[in-house]
Structure formats: C-alpha cells, structure tokens
Amino acid sequence: MSSLAGKTAVVTGSSRGVGADTAKLLAAEGANVVVNYRQKAPRANKVVKEIEAAGGRAIAVQADMTSPEDVRSLFARAVEAFGGVDVLVLNASGGMETDLGEDYALKLNRDAQDDTLTAALEHLPEGGRVVFVTSHQAHFINDVETMPEYVEVAKSKRAGEDTLTARIPELTEKGITFVVVSGDMIEGTVTATLLNRARPGALEQRREAAGKLYSVHEFAEEIAKMVTADVPTGHVELVGGADDFLAQAGRK
C-alpha cells in the first residue's frame, strides 16, 4: 500500500499543466487531492473527473492564492471534504502576466507562498510535507543571469524560496519537512511558451544547453516522487539540465 493512501494533498495551481499532472499522480498513489484553481472551474473539474474515473478521490476548490481569505477557505474545504491536510505542494506561480499589476510577481511568488504555508500549518500534522516548486532560472538567479524578460519573475520566485526556507526551523519544530523541486524550462508550460514568444529561439537554446528538456508529465513525476522521498528537510531536488547552472554558480 502506498504511503499516501488515505492522506490528503493540496496542490496549488493544479487545474492544468504540471500541477494537474502532479495531482493525478498523487491521486493514483491513493491520496485525496484538492485541485486548486484561480479562475477556470471547467478545467479544474475536468482534472477531478479524470482522477475519479481512475478510481481516485478529488475536489476542485477555487482560491486566488494572493487572497488570504481564499487561501484559508481552500484549507477549510480540504478539511471538510477529507478530514485533514497532510501534504502541501506549492506549485502556483506566475508574474509574466501584464494585466495584474507591477508587483503581482512578488505578491504571488513570495507573499502568497508564505501566507499559504502559514494557513497550512494550522492543519498539517507531524510527519506532514511541504513541497515548493520552482525553476533553475529562479533558484540560481543570484548567481546565474537569465533572460531579461524573466528576471523579475525569477527574483520573486527566489524570494519566495528564501522566505519559505527561512521557516524550516519552525517546520522542524512541528515535525514537518520541506523540500524544493527545481526544474529546467519545461516543454509545453505557459512560462516556456511566453518566454519563447518574447525571445524567439530561447527554448531551443535551452534545449541545446541542457541536452534535454523535461515534459510536463516528466516534471510532475519528479514532484510527486519528492512528496514521499526519504530526503532531509531543506533538500533541493534539481530536475534536468542543472550542470551548467551549477558550474556558473561555482558550486559544481
């Protein structure tokens, strides 16, 4: 029996892409899954239906992660439906949108992540796990330059990672582990598509540098593995093509 059998996982930003595939994979391992979405209910409901059709249990819950009220409602719904929360996957991110304000990247990628963790700690038990999903471009931004179009988003995601990592002592005191999963550019994601549109050829350049770019499903598989992996708290799992980042950062 899977170690996730009967446990409940909240996956933020999981109505499509990497989050949706992560939700499906966790459900396939026996977890009750909360599929979070900001706006597109039909898309989230489709993920739930696919999980249920495969024999899993899931609900879709609307919550704008930048709204503290929405975030608390998200966890309340999870507890109401499944009795508790054991795993939090912080997958929701953004910042390349042009219509949500200048400070939206920091609001979502730093402040909302911190607030979501605070809300989760009211429910996560001893033995719980928090997984923060990021990118190499963000994880290494303090040491390795990235495309100008992505700099502010990368900095905001790194700020989010630093803010969460600083809370490891607090999490450890509660018996909760924290893991970071960082991926190279992922084929088929919104961010990769937007970057390639802003800088034609960017995806191909990254593919050549890395040797291979992971697909959405392949990256989701790595995230799902880290939910139960036997790794120390604070572990950073580098997924795909990190050698050149490590070399540039002088950490190889």
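Could you tell me which trypsin sites (Lys or Arg not before Pro) in segment 31-134 are loop residues by DSSP with no more than 16 other beta carbons within 10 angstrom of their beta carbon? Can you show the working numbers first?
Numbers: sites: ARG38, LYS40, ARG43, LYS46, LYS49, ARG57, ARG72, ARG77, LYS107, ARG110, ARG129; in loops: ARG38, LYS40.
Listed in order of number, the matching sites are LYS40.
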At 222 nm, what helix-only mean residue ellipticity would the chain give, in deg cm²/dmol to the nearest 500, using -39500 (n - 2.57) for each DSSP H run of four or more? -13000 deg cm²/dmol
Please sort 182-191, 161-170, 62-71 by packing, taking for each peptide the average over its residues of neighbouring beta carbons within 10 angstrom, highest first. 182-191, 62-71, 161-170
Under the rule rounded for a/c under 1.5, else prolate if a/b exceeds b/c, else oblate, using alpha carbon gyration tensor axes a ≥ b ≥ c, segment 77-223 is classed as prolate
Can you tell me the FRET efficiency between THR165 and ALA28 if r is taken as the Cβ-Cβ distance and R0 is 30 Å, rounded to the nearest 0.05? 0.50
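Throughout, read-outs are computed from the coordinates displayed, never taken from laboratory work. What you see is a predicted model, and the numbers here were worked out from it, not measured in a lab. Ideal geometry is used to build each Cβ from the backbone, glycine not excepted, and the neighbour counts take in all protein chains shown.
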